[in-house]
Amino acid sequence: MKKILITTPIYYVNDKPHIGHAYTTLAADVLTRFFRAQGKEVFFLTGTDEHGAKIADSAEKSGKSPKEFCDEISDLFKKSWENLNIKYDYFVRTTDKRHEEAVKKFIEKLKEKDAIYEKEYEGLYCVGCEKFLTEKELVDGICPDHKTKPEIISEKNYFFKLKDYLKEIENLIRKNKLEIGPEHIKNEVLGLLKQGLDDFSISRQKERVKWGIDLPFDNNQIIYVWVDALLNYISAVGYGDNKKEFKKWWEDARIVHLLGKDILKFHAIYWPAMLLAVGEKIPEQEFIHGFFTINGQKMSKTLGNVIDSNKIVEKFGVDATRYLLLSQFPFGQDGDIKQEKFIEKYNSDLANGLGNLVARVLTLAIRNKIQDTNTKPEKEILNKINKTKENYEKLMEEFRLYEVLEEIWKLISFCDEYIEKEKPWKNPNPEKTISNLLYCISEIADLIAPFLPQTSEKIKEQLKTGKSEILFPRI
Ligand code: MSP
């Protein structure tokens with residue numbers, strides 16, 4: 001398909017943006033730039049999740065009205081993405097009128113399709129997770145993620161008939177009609193489906209949760225924040241509001257959701273089930289990336305180890321931050337981030353690696369008055385470049401961003417070795433060697449473009465003007 005909708009989760013505004021959020025959003029930005037370079041039309045969607053008890057509590061603690069509070073934090077997300085040169089096409093907020101209307105329409109549709117029923121319910125609710133937990137999920141009676149005791153809540157709610165769709169979802173996943181990647185996560189989802197899942201409640205009583213969207217057919221109830229949130233993916237592209245837009249970016253596009261594994265069940269099971277229930281198309285693909293820890297520990301406010309991406313940008317610059325975040329560990333796996341390692345990696349890969357290579361080659365070119373990047377290089381060089389490009393495209397299609405970077409950096413090392421081997425400074429006729437290298441560098445500039453867009457531009461500029469400037473000063 002030529003059109004692609006790429007999404008990130010919409011982030012809760014109860015907390016400031018941090019590098020966990022930046023990681024997913026950055027990956028979406030890189031993929032968007034890559035697909036565009038391939039001539040595809042891409043819509044990159046991100047935004048903020050602003051309803052629910054958790055956010056209402058945070059607003060109250062800060063002495064602000066919920067809306068005022070949401071506006072402020074939502075802006076912080078936008079600012080962080082701007083600082084990382086992340087260029088989304090649309091920023092959805094669940095407090096947008098357009099979103100709220102779409103959500104109401106969708107819920108009406110679920111009711112019309114008889115996919116909703118009423119039930120008295122008692123359960124253990126964790127406000128941190130904004131979901132009911134089972135006894136099994138608790139550790140010593142406490143939510144393992146939020147270290148708080150869930151409340152026992154008993155109330156009348158509306159339920160979605162999830163069980164009716166589980167078999168179909170399993171089939172869709174097995175047949176890769178809904179492609180869940182990487183493979184080990186797909187198996188995890190199939191495992192969850194095998195265990196069996198219960199219908200889930202799609203509303204909360206208003207006396208307990210006030211900050212949210214009213215349930216259209218019962219004004220004592222508020223729509224459950226997760227149902228509200230998932231619907232951003234369609235409200236943002238015109239569901240119930242603009243048929244033409246919705247056809248273009250939902251019905252006729254390849255839909256790719258990127259997310260962390262913490263919210264897998266909602267995306268891989270609840271979401272497609274809701275869409276099946278109303279007869280809408282389900283996403284083609286969900287890619288679940290790993291979670292990182294900081295020096296081996298979960299990133300958390302209480303531990304005080306939360307890293308702000310803006311701080312890294314201040315220290316290393318935009319492109320370097322983009323590189324540092326994505327070159328830590330493979331995108332689909334868990335990993336650990338050690339901030340001290342950032343400096344080491346910056347110096348070895350950017351200052352001494354890419355930056356030094358470009359400077360060396362340009363100096364040679366200037367000294368020998370060569371400015372040609374178009375002449376086809378020798379076979380050995382061309383083969384290396386073609387092989388790199390082939391691997392690059394394949395890995396990109398599989399979202400293996402870390403491996404893509406490795407592939408580019410292998411080409412950089414190859415060039416360094418080539419210089420050492422050819423020793424153009426000793427050669428009375430170094431023209432061919434230098435033009436080979438210039439060709440490589442202009443290819444490298446293209447390959448890094450989705451990851452390091454400004455650096456890519458700078459290299460192209462330097463090749464054009466024949467002036468060398470330091471790309472990454474050593475730190
Ligand atoms: N609001 C929900 C999502 C609704 S989507 C319809 C939510 N928000 S969140 O603010 O908690 O963001 C969760 C997402 O942030 C994760 O799925 C992941 O994409 C990203 N990450 C947060 N912490 C992270 C790490 N430590 N490591 C990697 N990604 C992390 O859940």
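The values are calculated or read from the model by the stated rules, or taken from the named source; none is laboratory data. It should be emphasised that the depicted structure is a prediction, and the values quoted were computed from it without experimental measurement. Here Cβ is always computed from backbone atoms with ideal geometry, including for glycine, and neighbour counts include all displayed protein chains. To get the accessible areas, we keep the full protein, side chains included, count just its heavy atoms, and leave off ligands, DNA and RNA. Shrake-Rupley method; radii C 1.70, N 1.55, O 1.52, S 1.80 Å.
Values for this structure:
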{"quantity": "Hey, Thr375 surrounded by fewer than 17 Cβ atoms within 10 Å (Cβ to Cβ), out of contact with any Cys (no Cβ under 9 Å at 6 or more places or on another chain), β-branched (Val, Ile, Thr) and farther than 21 Å from Pro473 by Cα or not", "calculated": "yes"}
{"quantity": "Segment 265-297 - residue that is in a helix (DSSP H, G or I) and touching an Asp or Glu at 6+ places or on another chain (Cβ under 7 Å) and, of those, farthest from the ligand (Cβ to nearest atom)", "calculated": "Leu276"}
{"quantity": "Residue within segment 346-362 that is among the small types (Gly, Ala, Ser), at pLDDT 90 or above and within 16 Å of the ligand (Cβ to nearest atom) present", "calculated": "no"}
{"quantity": "Residue within segment 316-326 that is within 14 Å of the ligand (Cβ to nearest atom) and either surrounded by fewer than 22 Cβ atoms within 10 Å (Cβ to Cβ) or not in a loop (DSSP other than H, G, I, E, B) (or both) present", "calculated": "yes"}
{"quantity": "Qualifying residues in segment 15-35 (those that are open to solvent by 10 Å² or more (accessible area, probe 1.4 Å) and within 8 Å of the ligand (Cβ to nearest atom)) - the one modelled with the lowest pLDDT", "calculated": "Asp15"}
{"quantity": "Options Val139, Val103; residue that is in contact with a strand residue (DSSP E or B) (Cβ under 9 Å, 6 or more places away or on another chain) and at pLDDT 90 or above", "calculated": "Val103"}
{"quantity": "So Gly47, is it within 14 Å of the ligand (Cβ to nearest atom), buried (at least 24 other Cβ atoms within 10 Å of the Cβ) and among the small types (Gly, Ala, Ser)", "calculated": "yes"}
{"quantity": "Considering residues of segment 212-224 that are buried (at least 23 other Cβ atoms within 10 Å of the Cβ) and more than 21 Å from Glu280 (Cβ to Cβ) only, the residue nearest to the ligand (Cβ to nearest atom)", "calculated": "Gly212"}
{"quantity": "Pairs with Cβ under 7 Å, 6+ apart, first in segment 259-274 and of a type in the set (D, E, K, R), second more than 8 Å from the ligand (Cβ to nearest atom)", "calculated": "Lys261/Ile185; Lys261/Ile288; Lys265/Leu192"}
{"quantity": "Ile385 touching a Gly at 6+ places or on another chain (Cβ under 6 Å), in a helix (DSSP H, G or I), within 25 Å of Asp319 (Cα to Cα) and modelled with pLDDT of 95 or more", "calculated": "no"}
{"quantity": "Selection from segment 225-241 of residues that are more than 16 Å from the ligand (Cβ to nearest atom) and open to solvent by 20 Å² or more (accessible area, probe 1.4 Å)", "calculated": "Gly240, Asp241"}
{"quantity": "Checking Cys126 against (1) under 30 Å from Leu325 (Cβ atoms); (2) open to solvent by less than 20 Å² (accessible area, probe 1.4 Å); (3) touching a residue at least 40 places away in the same chain (Cβ under 8 Å), the condition it does not meet", "calculated": "(3)"}
{"quantity": "Asp446, sole failed condition from (1) modelled with pLDDT of 95 or more; (2) open to solvent by 20 Å² or more (accessible area, probe 1.4 Å); (3) over 14 Å from Leu411 (Cβ atoms)", "calculated": "(3)"}
{"quantity": "Count - residues of segment 255-282 that are in contact with a Gly (Cβ under 9 Å, 6 or more places away or on another chain) and either open to solvent by 20 Å² or more (accessible area, probe 1.4 Å) or acidic (Asp, Glu) (or both)", "calculated": "1"}
